[in-house]
Amino acid sequence: RTSFWPEVWHERAGQQTNLHQVWFVGSHSNVGGGYRRSGLADVAFEWMVTQATRCGLRLKPGEPEVIHADANAHGKYFDSRDGFGMFYRYHPRRLTEELYLAPRDQGYDFTIYVHESVLERIHYRTANYSPLSLPTKFSVVNDDREVIANLDFSGDEQWHRERLRLDRAIFQGKWLYGLMLELALALIAAAVYVWIWPPSVIDIQSTKHEWLVSTLFYATPAMFENFIRLLVQVYPLLGASLVTTGVAWFLYNRRTISRTQKIAEQLALIVKRRFADKTLGENEKDQ
């Protein structure tokens, strides 16, 4: 299946429900908690605690101070798709403006609120943090629910140009991922087939390229043994072609990831400059 799509809630003016929806750094457990190092999650937790205490929630003495001390906008960012997670539900979503907007004629408040910790992490380029899903228009808020700045890039040509480049790079990464996944599944299926029904051309007594065969045996599950012998000892050209394809995919994929990251950094730089201009202007007004 594809990745989950964010379900943005829209509050209608005049409703009794008091709804507050704020975006934070990361996704899933980076925000909700669950990882051993929870500095990022505690940023969102502190925000929720602040709102709840204003509504009358009482906490144990000293607990708010502990949460505040643990909250860290520059904490460890965990990628759920690291390692074998890359095989699971990778399907980048085109988060177009239609996702964020509700019908104006129904009186909805469709403003996206982004917590100031996101802009703080962007400002200091912590771990090269460059979020890909920031909308063209959003408001920056603090723990007191005060709007620090309203950022609107709808008239910024550079923003739209970089967003277009980013969409293309992400699509290319999606295509490369699909190619890798299909090739990996095909190789696993072939390995299982020759493991269950060994071809007669395989000679388990053969010592041809035995050093390579033994090395691959050590690094792979037992069900790959017949497949390895088939590629190394019987059809070495096919084996070399598969290795070449894998290396080419790896290099091209690294290049695509690097380009995507650089474009995202350009977008983050645009956000950083605009936010600095906005906050500087507000400070000058206050003075």
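Tell me the residue from Arg255, Arg274 that is exposed (fewer than 14 other Cβ atoms within 10 Å of the Cβ), of a type outside the set (A, V, I, L, M) and either assigned to a helix (DSSP H, G or I) or touching a residue at least 40 places away in the same chain (Cβ under 8 Å) (or both), please. Please lay out each step first, then the result.
Details: Arg274 fails: exposed (fewer than 14 other Cβ atoms within 10 Å of the Cβ).
Of Arg255, Arg274, the one residue that is exposed (fewer than 14 other Cβ atoms within 10 Å of the Cβ), of a type outside the set (A, V, I, L, M) and either assigned to a helix (DSSP H, G or I) or touching a residue at least 40 places away in the same chain (Cβ under 8 Å) (or both) is Arg255.
Which residues, taken from region 172-226, are outside any helix (DSSP H, G or I), of a type in the set (A, V, I, L, M, F, W, C) and loosely packed, with under 10 Cβ neighbours inside 10 Å?
Of everything in region 172-226, those that are outside any helix (DSSP H, G or I), of a type in the set (A, V, I, L, M, F, W, C) and loosely packed, with under 10 Cβ neighbours inside 10 Å turn out to be Trp197, Ile204.
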### Task
Scan region 145-202 for residues that are under 22 Å from Ala240 (Cβ atoms) and free of Cβ contacts under 8 Å to residues at least 24 places away in the same chain and jot them down.
Glu182, Leu185, Ala186, Ile188, Ala189, Tyr193
### Task
Would you be able to tell me the number of residues in region 40-73 that are among the small types (Gly, Ala, Ser) and exposed (fewer than 12 other Cβ atoms within 10 Å of the Cβ)?
3
### Summary
If we keep only residues of region 121-156 that are within 18 Å of the chain's Cα centre (by Cα) and of a type in the set (A, V, I, L, M, F, W, C), then the residue farthest from Ile263 (Cα to Cα) is Ala127
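Farther than 15 Å from Glu116 by Cα, in a loop (DSSP other than H, G, I, E, B), under 26 Å from the mean Cα position of the chain (by Cα) and at pLDDT 85 or above: does that describe Lys76? Don't jump to the end; show me each part of the working.
Details: farther than 15 Å from Glu116 by Cα: yes; in a loop (DSSP other than H, G, I, E, B): yes; under 26 Å from the mean Cα position of the chain (by Cα): yes; at pLDDT 85 or above: yes.
When the stated conditions are applied, Lys76 passes them.
The values are calculated or read from the model by the stated rules, or taken from the named source; none is laboratory data. Everything numeric here is computed off the predicted structure, so don't read it as measured data. So basically every Cβ, Gly included, is an ideal-geometry build from the backbone, and we count neighbours across all protein chains shown.
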